[in-house]
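The values are calculated or read from the model by the stated rules, or taken from the named source; none is laboratory data. Since this is a predicted model, take the numbers as computed values, not measurements. Positions of Cβ are backbone-derived with ideal geometry, glycine not excepted, and every protein chain shown enters the neighbour counts.
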Amino acid sequence: MIKTLDITKGETEGLYKFLTAAVAPRPIAFVSTVDKNGNKNLSPFSFFNVFSVNPPILVFSPVRRMRNNTSKHTLDNIHQVKECVISLVSEEIAQQVSLASCDFDAEVNEFEKAGFTEVKSDLVIPSRIKESPINFECKVNEIITLGEQGGAGSLVLCEVLKMHINENVLDENNDIDPFKLNIVSRLGANWYGKTTKESLYEIAKPISRMGMGIDNLPENIRNSNILTGNELAILASAENIPSKNEFTVREEKNTEEKHILAKELLSQGKSEEAWQILI
Ligand SMILES: Cc1cc2nc3c(=O)[nH]c(=O)nc-3n(C[C@H](O)[C@H](O)[C@H](O)COP(=O)(O)O)c2cc1C
């Protein structure tokens, strides 16, 4: 059975809950802004991502409050001062970030409320956050209003002017190490995700190689009852069906046994060996 919500027929009950639980995990922008009087604001937004590299554009979306259709202070501030600092949220500061999301009055400085240290930005008025591993100083190029009702978002298009990376999250090649960065993500309800060794894995897909595709796999492999779509995709990421390697020891096996062995090899990351069993 499939549950459907037909928005065109007004079936929107629980929509917020379903959208935020379904489109997950999401990265979190911790956004520092100021109003025209210099009042500071700090708030998290998980309707957030990177959308362009040249120019470097980050977009986040403050949503009009459902209960009273008011706008978030962050958005009000950005209409007044078209700059912000977007900081990323590591596990070490996630509870403080959650605290900063309380509906404090506009004059309340969430740096103080949530215990963050301000660092003066180089190019924009809003401050950076010392405790965050990565800070982006941004100018706001455009605000796209998506509606007037409670729940309506406004896309804030931010152009990155300067990126600050704490060297503690870099590896020996000066690349960002996901485990050192220890970023958290937002899912539905009260759920957050961590970036642990157990939760991350790699999918090798060299850009230089064109996979043959599942449609080009031999029929008996493509229609296997044992190999899953994921496993077929690993095999089909090879450019061609490999030729038999004379040195591979092959015992007499029926198709089912071959597929079971290939499945085992694929689970160990041995795709070439799996192919040799299958051909
Ligand atoms: C992790 C997290 C992610 C959030 N993401 C959003 C979001 O994408 N959009 C939004 O409008 N509110 C989001 N919120 C709620 C806002 O942070 C909250 O409404 C905050 O009070 C807004 O502050 P402001 O009025 O000072 O701008 C999120 C809260 C948390 C804790």
Next item on the list: List every residue pair whose Cβ atoms sit under 6 Å apart, with the two residues 6 or more apart in sequence or on different chains, where the first one lies in segment 221-241 and is not assigned by TED's automatic domain parsing to the domain that holds Lys258 and the second, anywhere, is assigned to a helix (DSSP H, G or I) and modelled with pLDDT of 95 or more.
Entry: none
Notebook entry, point to check: Since Ser52 meets every condition but one in (1) surrounded by 13 or more Cβ atoms within 10 Å (Cβ to Cβ); (2) closer than 14 Å to Leu155 by Cβ, which condition does it not meet?
Noted result: (1)
Notebook entry, point to check: Is segment 94-104 home to any residue that is assigned to a helix (DSSP H, G or I), among the hydroxyl-bearing types (Ser, Thr, Tyr), assigned by TED's automatic domain parsing to the domain that holds Leu187 and within 16 Å of the ligand (Cβ to nearest atom)?
Noted result: yes
Next item on the list: State whether one or more residues within segment 133-153 are part of a strand (DSSP E or B), in the same structural domain as Phe18 (by TED's automatic domain parsing), within 23 Å of Arg67 (Cβ to Cβ) and not β-branched (Val, Ile, Thr).
Entry: yes
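If you scan segment 231-277, which residues turn out to be hydrophobic (A, V, I, L, M, F, W, C), within 21 Å of Lys205 (Cα to Cα) and in contact with a helix residue (DSSP H, G or I) (Cβ under 7 Å, 6 or more places away or on another chain)?
Going residue by residue through segment 231-277, those that are hydrophobic (A, V, I, L, M, F, W, C) are 232-236, 238, 241, 247, 249, 260-262, 265-266, 274-275, 277.
Adding the requirement that they be within 21 Å of Lys205 (Cα to Cα) leaves 232-236, 238, 241, 262, 265-266, 274-275.
Within segment 231-277, Leu232, Ala233, Ile234, Leu235, Ala236, Ala238, Ala262, Leu265, Leu266, Ala274, Trp275 qualify.
Considering only strands (runs of 3 or more DSSP E) fully contained in segment 37-81, which possess at least 3 residues that are of a type outside the set (Lys, Arg) and near the ligand (Cβ under 8 Å from one of its atoms)?
Details: elements: 40-45, 48-53, 56-60.
Where strands (runs of 3 or more DSSP E) fall fully within segment 37-81 and carry at least 3 residues being of a type outside the set (Lys, Arg) and near the ligand (Cβ under 8 Å from one of its atoms), they are 40-45.
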Check: What's the number of the condition Cys84 fails, among (1) away from the ligand (no atom under 12 Å from the Cβ); (2) part of a strand (DSSP E or B)?
Finding: (1)
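Listed residues Val140, Val119, Val97; which is within 21 Å of the chain's Cα centre (by Cα), among the hydrophobic types (A, V, I, L, M, F, W, C) and surrounded by 13 or more Cβ atoms within 10 Å (Cβ to Cβ)? Show your work before the answer.
Details: Val140 fails: within 21 Å of the chain's Cα centre (by Cα); Val119 fails: within 21 Å of the chain's Cα centre (by Cα).
From the options Val140, Val119, Val97, the qualifying one is Val97.
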Next item on the list: Name the residue, out of Arg209, Arg222, that is modelled with pLDDT under 95 and of a type in the set (Lys, Arg).
Entry: Arg209
Next item on the list: Among the candidates Lys36, Lys82, single out the residue that is under 21 Å from His164 (Cβ atoms), of a type in the set (Lys, Arg) and in contact (Cβ under 8 Å) with a residue 40 or more places away in the chain.
Entry: Lys82
Margin query: Go through segment 1-36 and report how many residues are more than 16 Å from the ligand (Cβ to nearest atom) and assigned to a loop (DSSP other than H, G, I, E, B).
Written below: 11
